[in-house]
Amino acid sequence: MFDAQIRPLVDQVLNPIGRKLAARGVLANHVTIIGVLFGLAAAVCVAFQLFATAFWLILLNRIADGLDGAVARA
């Protein structure tokens with residue numbers, strides 16, 4: 001719903017990072033796998049009621065999800 005309004009701001013931050021990662025040989029698939037691992041770790045934390053840690057892992061998962069597109073575009 002808000003994606004159309006937020007997208008330009010997010011791209012402005014993530015695209016330069018994505019270009020730097022791509023220049024160092026990082027592939028979008030690498031970033032995706034790291035994001036999945038953050039998500040799985042968050043699920044484990046939720047199962048053990050470590051909600052604060054799960055929150056930060058979910059946040060990292062979402063950043064990785066946006067960053068993989070930036071790396072792919074680069």
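Read the figures in this text as sums done on the coordinates, not as results from a lab. All values derive from a computational prediction rather than experimental measurement.
Taking Cα atoms, how many degrees apart are the long axis of helix 51-73 and the longest axis of the chain, rounded to 10 and kept between 0 and 90?
20 degrees
Rounded to the nearest 500, what is the 222 nm mean residue ellipticity of the chain from helices alone, with -39500 (n - 2.57) per DSSP H run of 4+ residues and division by all residues?
Details: 3 runs with 64 residues, N = 74.
Value at 222 nm, helices only, nearest 500: -30000 deg cm²/dmol.
Plugging the Kirkwood radius over Cα pairs into Stokes-Einstein for the chain, at a temperature of 25 °C and a viscosity of 0.890 mPa s, what D comes out in µm²/s? Mind dumping the intermediate values first?
Numbers: Rh = 12.9 Å.
Translational diffusion coefficient: 190 µm²/s.
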